[in-house]
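The values are calculated or read from the model by the stated rules, or taken from the named source; none is laboratory data. Bear in mind that the values here come from a model prediction, so they are computed numbers and not experimental data. Cβ sites come from the backbone with ideal geometry, for glycine too, and all protein chains shown count toward neighbours. The area values use the complete protein model at the heavy-atom level, side chains included, leaving out ligands, DNA and RNA. Shrake-Rupley method; radii C 1.70, N 1.55, O 1.52, S 1.80 Å.
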Amino acid sequence: MEEARMIELLVELHEGLDRLGPGDAQSTLRALRLCSELPPKPDILDIGCGTGAQTLTLAKNTDGKITATDLVPSLLSTVTERVAASGLQSRVTTQAADMNSLPFADGEFDLLWSEGALYIIGFDAGLATWRRLLEPGGYLVVSEASWFRPNPPDELAEFWAECYPGMRSVQGNAAAAKAMGWEVIATFHLPEAGWTEGYYAPLRERLTKFRRRHADDQEALGVAAMTEREMELFEAYSDYYGYAFYVLRRDQG
Ligand SMILES: C[S@@+](CC[C@H](N)C(=O)[O-])C[C@H]1O[C@@H](n2cnc3c(N)ncnc32)[C@H](O)[C@@H]1O
């Protein structure tokens, strides 16, 4: 399937959901508090913001300016509506941008944030290419699918080898970040409810209608089947993997 068609189907399946991947506001806040030396009004870039769940949490819990970016303009419209509904429009703007070539100046931000989207560019590539956007001493916070235990069962290893071959252990990612010159302030696991309640429960409700709408569309049915398979595997094997937050800091220069 072409990438554009895949994105279109995934956007349709997820449109209007609070979040487009595993996460919860408490974990966003926990990571934010670990960035303890931010300036009083930090400039923040949210990369791959989706429908803006973490954007809103960041805006409500800082006095900073936030630029929320995503590749998909219709998602950014949802963010704009949500931001306006919360009265935060003076501090939050949206901008369509590809995370592979972000159109911002060197050192423009104090904090880069990306929940559940770094896998698109890849952990190492994201850390390498986004670094220039930070002030010296600035922070990068990402959440990323990561192995929590070695030797996963075959069916799980095969699924993730296909969906995200670059997935590493938390220790492996932390070591890679360190080797690239980042200070690893902290890592922590997203609680399971961030998958099951925050993401999978509302998504499951969508699947029935999505299937009905696309009864003759093999590509769409394939996306539905893959989504359901992902949920089944998480139910069976959530002790082997999950999302981890990485709170990283650029050297002081
Ligand atoms: C799994 S979602 C996570 C969204 C949001 N951060 C959340 O947790 O709800 C990944 C997001 O990355 C966006 N995306 C995909 N490719 C991208 C790219 N090349 N540049 C920027 N964003 C991209 C998708 O449109 C989607 O909104």
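Starting from the Cα of A4, step 7 Å along the direction of its Cβ; do the same at A179; then give the gap between the two resulting points in nm.
3.7
Please give the charge dipole size of the chain, origin at the Cα centre, charges +1 on K and R Cβ atoms and -1 on D and E Cβ atoms. Round to the nearest 20 debye.
Details: 23 positive and 38 negative charges, 151 e Å.
It comes to approximately 720 debye.
Could you tell me which residue out of Y246, L38, Y139 lies farthest along the dipole of the chain toward its positive end? Charges go on the beta carbon: Lys and Arg +1, Asp and Glu -1, centred on the Cα centre.
L38
Using 0.36 nm per residue, how much length does the chain from S86 to R213 gain when fully extended, once their Cα-Cα distance is taken away? Walk me through the intermediate numbers first.
Details: separation 127, 0.36 × 127 = 45.72 nm, distance 3.29 nm.
Gain on stretching S86 to R213: 42.4 nm.
How much accessible area per residue does the chain have, in Å², with a 1.4 Å probe?
On the way: 11780 Å² over 253 residues.
Solvent-accessible surface per residue comes out at 47 Å².
What's the Kirkwood radius of the range 62-211 in Å, using all Cα pairs?
Details: mean 1/r = 0.0564 Å⁻¹.
With all distinct Cα pairs of the range 62-211 included, I get 17.7 Å.
For the chain, what percent of Cα pairs sit more than 31 Å apart?
Numbers: 6932 of 31878 pairs.
Tail fraction, whole percent: 22.
May I ask for the angle, rounded to the nearest 10°, between helix 154-163 and the longest principal axis of the chain, with both axes built from Cα atoms and the value confined to 0 to 90°?
Roughly 60 degrees, rounded to the nearest 10.
Could you tell me, in Å, what Rg and Dmax come out for the Cα atoms of the range 1-127?
14.2, 46
Would any residue of the range 175-204 have its amide N under 11 Å from a label point 7 Å out along Cα→Cβ of D124? List them or say none.
From the range 175-204, the list is 176-177, 180.
Per residue, what volume in Å³ does the convex hull of the Cα atoms of the range 128-253 enclose? Please list the in-between numbers first.
On the way: hull volume 16.7 nm³, N = 126.
Considering the Cα atoms of the range 128-253, their hull volume per residue is 132 Å³.
Given R₀ = 30 Å, FRET efficiency for E158-V11 by Cβ-Cβ distance, to 0.05?
The pair E158/V11 has a calculated efficiency of 0.65.
Using +1 at the Cβ of each Lys and Arg and -1 at the Cβ of each Asp and Glu in the range 128-253, identify which of F210, W130, M231 lies farthest towards the dipole's positive end.
Value: W130.
How far, in nm, would the chain grow between F188 and A201 when pulled straight, counting 0.36 nm per residue and subtracting the alpha carbon separation?
Working: separation 13, 0.36 × 13 = 4.68 nm, distance 2.30 nm.
My answer for the length gained is 2.4 nm.
Going 7 Å from the Cα of D63 along its beta-carbon direction, which residues of the range 83-111 have the amide nitrogen within less than 16 Å of the resulting point?
90-92
Round to a whole number: what % of the accessible area of the range 52-197 belongs to carbon and sulfur, probe 1.4 Å?
51
Which aspartates and glutamates, on any chain, are close to K60 with Cα under 19 Å apart, when same-chain ones fewer than 8 places away are left out?
D18, D24, E37, D43, D46, E81, D110, E115
Please report the antiparallel percentage of the DSSP beta bridges confined to the chain, to the nearest 5.
Values: 15 of 35 bridges.
Of the beta bridges lying entirely in the chain, close to 45 percent run antiparallel.
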